[in-house]
Amino acid sequence: MLVSKRMTKDPVTVTPEDLLIQARLKMQKGGFRRLPVMSDGQLVGIITDRDIREHVGLLDRTEVKAAMSKTPITVMPATTVEAAAQILLKQKIGGLPVLEKNHLAGIITTSDIVQAFLDVMGASEETSTRIDFVLADEGGGLAEASRIISQQGGEVLGVGTYRGNWGETPVCYLRLRSGDADAIAKLLKERGFDVLGVHAVGG
């Protein structure tokens, strides 16, 4: 999945000469926590709500350029969401301006990436349920598990694997939109699957 599919396009911006009070009002109106800073069509910085809080009491007479972070880290529309997530985590920041040929094309934030992760896992639907299991030793593959779920009236939203630690046996999961998850889990156990748990969204 690429950043271009998850970024906010044409984000709200400020200039270096704008006052911090103006930046704060834009953030409050749009529900943002950061704004790209543009000058003559070029990205010159980024201002966050944390930067603004450090100048409380002086917002109506302090310009953005006095508080912004200069030369912000950026990504391109063709950057993968995974790579953007790694940058955010490593740099301990909450958003990345997206540049295409030196033009500000958008901004991608931690919230955008979390939403992408939930969508990929099929966890965006509040009524969905996830069944975690270890594949059976003989013949108990994902295809067999999916077939059992279908027979029980379940609909699979997402499929995947994960490891607790590298080297451990991978755990498989199936995200269900419908069907009796507990009954399906019981049947999977009967067919030789090592079912680790049934998890509802928010549960």
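When you go through (1) modelled with pLDDT under 80; (2) out of contact with any Leu (no Cβ under 9 Å at 6 or more places or on another chain); (3) not in a helix (DSSP H, G or I) one by one for G153, which number turns out not to apply?
If we test G153 against (1) modelled with pLDDT under 80; (2) out of contact with any Leu (no Cβ under 9 Å at 6 or more places or on another chain); (3) not in a helix (DSSP H, G or I), just (1) comes out false.
G45 fails exactly one of the following numbered conditions: (1) open to solvent by 40 Å² or more (accessible area, probe 1.4 Å); (2) touching a residue at least 12 places away in the same chain (Cβ under 8 Å); (3) of a type outside the set (D, E, K, R). What is the number of that condition?
(1)
Which residues, counting only those in the range 12-32, are touching a Phe, Trp or Tyr at 6+ places or on another chain (Cβ under 9 Å) and either in a loop (DSSP other than H, G, I, E, B) or crowded, with 18+ Cβ neighbours inside 10 Å (or both)?
V12
Can you tell me which of (1) open to solvent by 60 Å² or more (accessible area, probe 1.4 Å); (2) within 27 Å of D119 (Cα to Cα) is the one V98 doesn't meet?
(1)
Quick one: what pairs do we get from the range 147-167, first residue more than 15 Å from L196 (Cα to Cα) and of a type in the set (S, T, Y), second at pLDDT below 80 and open to solvent by less than 80 Å² (accessible area, probe 1.4 Å), C-beta under 9 Å, 6+ apart or different chains?
Final answer for the pair search is S150/G179.
Only one of these is in a loop (DSSP other than H, G, I, E, B), surrounded by 15 or more Cβ atoms within 10 Å (Cβ to Cβ) and at pLDDT 95 or above: L35, L59. Name it.
Just one listed residue meets the conditions, L59.
Just to be sure I understand, how many residues within the range 120-135 are surrounded by fewer than 15 Cβ atoms within 10 Å (Cβ to Cβ) and closer than 27 Å to T8 by Cβ?
The qualifying residues number 2.
The values are calculated or read from the model by the stated rules, or taken from the named source; none is laboratory data. The shown structure was predicted, so the numbers you read here are calculated from the model rather than taken from an experiment. When we count neighbours, we look across all protein chains shown, and the Cβ atoms used for this are built from the backbone with ideal geometry, even at glycine. Calculation scope for accessible area: heavy atoms of the full protein, side chains included, ligands and nucleic acids excluded. Shrake-Rupley method; radii C 1.70, N 1.55, O 1.52, S 1.80 Å.
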